[in-house]
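**Student:** Questions regarding the structure given below will be posed in turn.
Computed from the coordinates by the stated procedures, all read-outs in this text should not be read as laboratory data. Everything numeric here is computed off the predicted structure, so don't read it as measured data. Glycine gets a Cβ as well: all are built from the backbone with ideal geometry, and neighbour counts include every protein chain shown.
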Amino acid sequence: MIGGAQLRACDIKIMEAGEYFGIRFYPGALRHFFDLDVSEITSQFVDEKFLPRCGFGELHNNIYQYQHFGERVDVCETWLLKNYKPQSSLQFDQALGLIYQSLGNMRISQLADSIGWSTRHLNRIFQRKTGLNTKTFSQVIRVQNVCRQLYLTPEKSLKMALEMGFFDQPHLIKDFKKYLLSNPGDFFDRFRSDLYN
């Protein structure tokens, strides 16, 4: 299965017990392997029927010819290396870097000016490469960064939200619920529970 950008946290149902692995692509990197507009699969998971011409279905069959986990990973890695198609994306990569540096707090108009694109063109490229518009992508990065900071320094209160670009704690909690489907306290309780289980 291939998943597009997920706008909300989701659980992936595993049908059988066993050893599984997943690959998380950097934003925009999925297009190095599959010729698709990533916005077509936002908030979805698709299988080889969605990508019939790229040999993705063969990958599944080849992986399960092997019994050992390491061999299955090697098959997948070989397929990825064989199907990698470089694409120039200097300005897109620059935009990503600026979003990460600002922790998702840079104004979209300022970001577009910094890389020499219009905001409309910037949004169109982000939509095609990540499945999200620039503003939504930045909001996700901001929430992810807050998660990381709260995880690394749990003794800090949510007052840190003001330092991370949120107007106030209710705004942070609203975005947490929007993207992670819970408030920060419940999210970390579940995370700790899943980690120990």
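**Student:** Go through the range 29-60 residue by residue and tally those that are within 13 Å of the chain's Cα centre (by Cα) and closer than 20 Å to GLU77 by Cβ.
**Tutor:** Residues in the range 29-60 being within 13 Å of the chain's Cα centre (by Cα) and closer than 20 Å to GLU77 by Cβ: 2 in total.
**Student:** Give me the residue from the range 77-133 that is of a type in the set (Phe, Trp, Tyr) and without any contact (Cβ under 8 Å) to a residue 60 or more places away in the chain and, out of that set, surrounded by the fewest Cβ atoms within 10 Å (Cβ to Cβ).
**Tutor:** TYR84
**Student:** Please determine whether any residue of the range 96-108 is within 17 Å of LEU30 (Cβ to Cβ) and within 18 Å of the chain's Cα centre (by Cα).
**Tutor:** yes
**Student:** Same structure again: Restricting the search to the range 59-72, which residues are surrounded by 11 or more Cβ atoms within 10 Å (Cβ to Cβ), of a type outside the set (Lys, Arg) and more than 19 Å from HIS32 (Cβ to Cβ)?
**Tutor:** HIS60, ASN62, ILE63, TYR66, PHE69, GLU71
**Student:** Run down LEU51, LEU7 and say which single residue is part of a loop (DSSP other than H, G, I, E, B), in contact with a strand residue (DSSP E or B) (Cβ under 8 Å, 6 or more places away or on another chain) and surrounded by 11 or more Cβ atoms within 10 Å (Cβ to Cβ).
**Tutor:** LEU51 is the lone residue from the list that is part of a loop (DSSP other than H, G, I, E, B), in contact with a strand residue (DSSP E or B) (Cβ under 8 Å, 6 or more places away or on another chain) and surrounded by 11 or more Cβ atoms within 10 Å (Cβ to Cβ).
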